[in-house]
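Reviewing the structure listed below.
The values are calculated or read from the model by the stated rules, or taken from the named source; none is laboratory data. Note that the structure is a prediction, hence the values are computed from the model and not measured. Here the Cβ is made from the backbone with ideal geometry for all residues, glycine too, and neighbour counts use every protein chain on show.
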Amino acid sequence: MKDSLIFRRLVISGILGWIALFGAIPVLLLTGVSFLQRHPSDLIEAVFSMESYARLSDPAIGSMLFKSIMMATMATLLCLLIGYPFAYIVARANKCHARTMLLFVMIPFWTNTLIRTYALVAVLKADGFLNTALIFLGIIDAPLKIMYTQTAVFIGLIYTLLPFMVLPLYAAIEKLDHRLLEASRDLGASRWTTFKKITIPLTMPGIVSGCMLVFLPALGMFYIPDILGGARTMFLGNFVRDQFLIARDLPMGAASSIAMTSLMGIMLLIYYRNLRRSGRTVRL
Amino acid sequence: MGHNVIDIAGISKSFDGEVALECFTLSIADGEFLTLLGPSGCGKTTILRIIGGFEEHDSGEIRIDGQSATNVPPESRAVNTVFQSYALFPHMDVYDNIAFGLHVAGKSTSEICEAVQEALKLVRLEKVKHKMPRELSGGQQQRVAIARAIVNKPRVLLLDEPLSALDYRLRKQMQKELKELQRTLGITFILVTHDQEEAFTMSDRVVVMDHGRIVQVGSPRTIYEEPSNLYVASFVGEINVLDGVIKSRGECNYVAEVEGVTVVVKSKRDFKEGDPIHLLLRPEDFRVEVMQDLEESPTLAKKFAKALLKGTVDRTYYKGATYDVDITLADGKRILVTEFFDEDSDSLYFNPGDRVAVGWFEGWEVVLPHEG
Amino acid sequence: MNKFIKAAYAGLVYIFLYLPLVVMAAYSFNASKYSLSWKGFTFKWYGILLSNTALLDAAIHSLTIAITSATVACLIGTLAAFMLQQYRFKGRKAVFGSLFIMMMTPDIVIGISLLVMFLAAGMALGFWTLLMAHVTLCVPFVAATVYSRFRGFDNSIIEAAKDLGASEYQVFRHIVLPMAMPGLIAGWLLSFTLSLDDVIISFFTTGPTYEVLPLRIYSMVRLGIKPDVNALSVLMIIITVVAVTMSRRLLKEKK
């Protein structure tokens, strides 16, 4: 009995300690830094200031923020639009096919996103695969200018993040009991009504987590605009990185990432409420 | 049977405000086969889990061998459990499953080997000792679960619906084997079940539970023949409930009006004149005869002189060795009667629509005060 | 949707997902250095790769970090999952919440918040800071993988072990750990890939003394397409495919 208690206490305090040290303290420090002032030589000065947050509404920074959020939102919606039917097809395929189909979603999911972004360059660049193919087919005469534009960044986000949308959607749709859909049809609901009233609500947890898995990285992945958008495009991710590594303005960088985290917090809150409403227990 | 191996005094337990046990008090004698019987949700599994140490009770006390067991974790109790799902360790073979308890107790390899062999022999599983649980049949898994528990020589073996996953025939066989095993080992068995037949087949004593309370404790025979209230009576097998009123009191019996007919009933209970009563009769307690036959045969009529209830046959149900008859009495009450086949006749004696006289074997009736 | 449309749609999505990878793989065997045109099959770029010592060093660093952080994360994550499954204690829900939030937090926020902590603690960025950061990244995922496997257990198996006299530690050592092993190995492989694939967190938490492969690739890639980077990418994809297939097989087993 004594050994049991010691083991139990050791495990609980160890894990709680670990979470505190690597989960809570860094975020608290980051929050703290965001309220301090920049110092030219020591990086930060221990003076309370809201300046960094105030600067977030600067027209230049504000428009950058707006552009980033719009870009991430659009990418998320498009991923959902492309991903939902696709996930549905995979989940409803026969068992043997579904396994293979799923494996081929897993591979890009786990492949380094940097490498996948880089692979896109060879397709999108002026003398790349896409232009060569389109010219060869006679659809266009001159190469399209896609590389180093916002369109390239947008395509890059969708390309890299689509698997992150598909997997949670697949998990949710796969769990959906097919008999419920049959019951709905049996009770006189049309295909569309069934989809709207049964399928969508029951797969909502998958939709929400898919959206979060796309939206949040879309804001932060600074290397996609770097590689595909060229030097002139600035998004939130690049901005935060530059504050830390180039401008050396830690409070500003901290404040903008706290803003990003708050956005995540709001989304999590919506997610939790959603779960509670559908009467499910929260699962990791 | 010697002293008490388990004393439970006034234990209460609730889950999220829902009462599971209410002031549960019971003493269990050493070497006894005791069954906790009741429908699901009556608290029988909860009390078993409290004895096993898997749940903590809110109030009251539990003693095992005279020692308070409150706050003693399951691993330190001289009590072992056979789980409903068997809970065999899927990654260990039969031998390792059975050896587990001895292994964690730090016994020597030779000692473990000997004890495990003995347990395997007891449950007749020597041949499968190196198989994995998933390769065994349901009955074999059940035996491994029992062997794994008894190899530790517990004072008490707890069995949580151990036979519910087996099919009917296997269940019958395991019931006998369990009873046999308990006699051989001489240790206390506490069984939880919702199957009254299972409870009666194996137990020395049956505890009938309802809503976290004990309703009746007694030998299977007492429970069946002298149920203490309607709940017990109707839980253990089919029963007919007739309504009546006590008219007058005799020396050791009462005159009562039952379903509109005046009859004599026996009871040890104390009733006053005018007390409303229930008269309980098992389907096999009735005697039924067709009116027409009674009218035609004076000897038969004499035998059935006390069969005063009149009724009409609605339906008959073939049951194999017996058959059931649905009868509606003159005042509209419906009863169920079980009859044995008349071996001389190849057709059923009763037909729907027959007018019949209904009586019962004197003294087999149970009289209870009217409930609501 | 009829069958043909379904197949066509799924096919298009797969083409979208795989075309760039196939083009890149083709490039890695193309003798021509700059243009798309096919100038013959070659292993030249893979050869160049092997003679690039800076790149090889980075690769060894990446593997070291991936293996170490996966192992440490497995240890912590499994204990965390065990604790969440077995113990009822104050703050259990908070632990669930924290792990969930840590899993959802954007990499960039994990990276910079750890950077701030390391700076505040006066630690030099390098192997140790990178290791801690990658462990932080992986633990929630391991915990989730192993926990979901625990959830599949019949809880009475653990009760049975206790009933038979096993202490908490013995329950963990003899019952929980072996039964969770497939989940644990899957969690390890998952952490391994996470660590190997990470760019953003490494970007903030390592220093020039300990450069890892994705960062090396990042600095090369910013300068445009290079055939040896193609070759390297193909190799990394192969490692990922092997790890993913293995972990899937392990999770499928005995389900």
### Query
If we keep just the residues of the range C:149-182 that are of a type in the set (D, E, K, R) and assigned to a helix (DSSP H, G or I), which is farthest from the other protein chains (Cβ to nearest Cβ)?
C:R149
### Hits in the range B:104-113 (condition: at the interface with another protein chain (Cβ under 8 Å from one of its Cβ atoms) and in contact with a helix residue (DSSP H, G or I) (Cβ under 7 Å, 6 or more places away or on another chain))
B:V104
### Message
Can you tell me how many residues within the range C:119-131 are in contact (Cβ under 8 Å) with a residue 40 or more places away in the chain, part of a helix (DSSP H, G or I) and of a type in the set (A, V, I, L, M, F, W, C)?
### Response
3
### Query
Can you tell me how many residues in the range B:270-299 are of a type in the set (D, E, K, R), in contact (Cβ under 8 Å) with a residue 40 or more places away in the chain and over 21 Å from B:S228 (Cα atoms)?
2
#### Entry: Boolean, B:E180 is closer than 16 Å to B:L158 by Cβ and assigned to a helix (DSSP H, G or I)
no
### Residue that is nearest to the chain's Cα centre (by Cα), among those in the range B:130-170 that are of a type in the set (K, R) and crowded, with 20+ Cβ neighbours inside 10 Å
B:R143
### Query
B:H91 passes all but one of (1) part of a helix (DSSP H, G or I); (2) in contact with a Pro (Cβ under 6 Å, 6 or more places away or on another chain); which number fails?
(1)
### Task
Go through (1) more than 11 Å from chain C (Cβ to nearest Cβ); (2) on the phi < 0 side of the Ramachandran plot one by one and return the number of the condition A:G188 breaks.
(2)
### Query
Would the range B:147-154 turn up any residue that is under 30 Å from B:A105 (Cβ atoms), in a helix (DSSP H, G or I) and more than 13 Å from chain C (Cβ to nearest Cβ)?
no
## Note on the structure
Quick count over the range B:178-220, residues being of a type in the set (K, R) and under 10 Å from the mean Cα position of the chain (by Cα), is 1
### Summary
With the first residue restricted to the range C:15-44 and required to be free of Cβ contacts under 8 Å to residues at least 24 places away in the same chain, and the second required to be charged (D, E, K, R), Cβ contacts under 6 Å at 6 or more apart or on different chains are C:A31/C:K39; C:S32/C:K39
### Residue among C:V146, C:V116, C:V135 that is more than 14 Å from chain B (Cβ to nearest Cβ) and free of Cβ contacts under 8 Å to residues at least 40 places away in the same chain
C:V116
### Task
Name the one entry in B:T70, B:T35 that is among the β-branched types (V, I, T) and surrounded by fewer than 21 Cβ atoms within 10 Å (Cβ to Cβ).
B:T70
### Query
Can you tell me which residues in the range C:8-58 are of a type in the set (V, I, T) and facing chain A (nearest Cβ under 10 Å)?
C:V13, C:V22, C:V23
### Task
Can you confirm whether the range C:183-195 contains a residue that is more than 14 Å from chain B (Cβ to nearest Cβ), surrounded by fewer than 23 Cβ atoms within 10 Å (Cβ to Cβ) and part of a loop (DSSP other than H, G, I, E, B)?
no
### Task
List the number of the failed condition for B:I223; all other conditions in (1) within 30 Å of B:L329 (Cα to Cα); (2) not in a helix (DSSP H, G or I) hold.
(2)
### Message
When you check B:E55 against the structure, is it crowded, with 21+ Cβ neighbours inside 10 Å and at pLDDT below 90, yes or no?
### Response
no
### Message
Let me confirm something: among C:A54, C:A26, C:A81, C:A31, which residue is within 29 Å of A:V90 (Cα to Cα) and of a type outside the set (V, I, T)?
### Response
C:A26
### Task
Evaluate the range B:58-75: report whether one residue or more is in a helix (DSSP H, G or I) and either within 14 Å of chain C (Cβ to nearest Cβ) or touching a residue at least 60 places away in the same chain (Cβ under 8 Å) (or both).
yes
### Query
If you take the residues of the range C:83-100 that are outside any loop (DSSP other than H, G, I, E, B) and facing another protein chain (nearest Cβ under 7 Å), which of them is surrounded by the most Cβ atoms within 10 Å (Cβ to Cβ)?
C:L99
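Table: residues versus (1) within 13 Å of another protein chain (Cβ to nearest Cβ); (2) assigned to a loop (DSSP other than H, G, I, E, B); (3) within 24 Å of C:D198 (Cα to Cα).
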site: A:I89; (1), (2), (3): yes, no, no
site: A:A98; (1), (2), (3): yes, no, no
site: A:L114; (1), (2), (3): yes, no, yes
site: A:V121; (1), (2), (3): yes, no, yes
site: A:N131; (1), (2), (3): yes, no, no
site: A:D141; (1), (2), (3): no, yes, no
site: A:A152; (1), (2), (3): yes, no, yes
site: A:I155; (1), (2), (3): yes, no, yes
site: A:L169; (1), (2), (3): yes, no, yes
### Task
Output the residues belonging to the range A:67-87 that are at the interface with another protein chain (Cβ under 8 Å from one of its Cβ atoms) and surrounded by fewer than 20 Cβ atoms within 10 Å (Cβ to Cβ).
A:I82, A:P85
#### Entry: Tabulated pairs, the range B:354-372, first farther than 20 Å from B:Y254 by Cβ and assigned by TED's automatic domain parsing to the domain that holds B:L281, second in a strand (DSSP E or B) and among the charged types (D, E, K, R), C-beta under 9 angstrom, 6+ apart or interchain
B:R355/B:K310; B:V356/B:E289; B:V356/B:K310; B:A357/B:R287; B:A357/B:E289; B:A357/B:K310
### Message
Residue under question is A:I135, and the condition is that it be within 14 Å of chain C (Cβ to nearest Cβ), more than 29 Å from the chain's Cα centre (by Cα) and surrounded by fewer than 16 Cβ atoms within 10 Å (Cβ to Cβ); does it hold?
### Response
yes
### Query
For the range C:52-77, how many residues meet the condition of being without any contact (Cβ under 8 Å) to a residue 24 or more places away in the chain and farther than 13 Å from C:F127 by Cβ?
3
### Subset of the range A:100-112 that is without any contact (Cβ under 8 Å) to a residue 24 or more places away in the chain and in a helix (DSSP H, G or I) - its residue that is surrounded by the fewest Cβ atoms within 10 Å (Cβ to Cβ)
A:T100
### Task
Consider only pairs whose beta carbons are under 9 Å apart and that are at least six residues apart or on different chains; among these, list those whose first residue lies in the range A:10-28 and is buried (at least 19 other Cβ atoms within 10 Å of the Cβ) and whose second residue is of a type in the set (F, W, Y) and modelled with pLDDT of 90 or more.
A:P26/C:F118
### Task
Could you tell me which residue of the range A:1-59 is farthest from C:P140 (Cα to Cα), considering only residues that are outside any helix (DSSP H, G or I) and small (G, A, S)?
A:S41
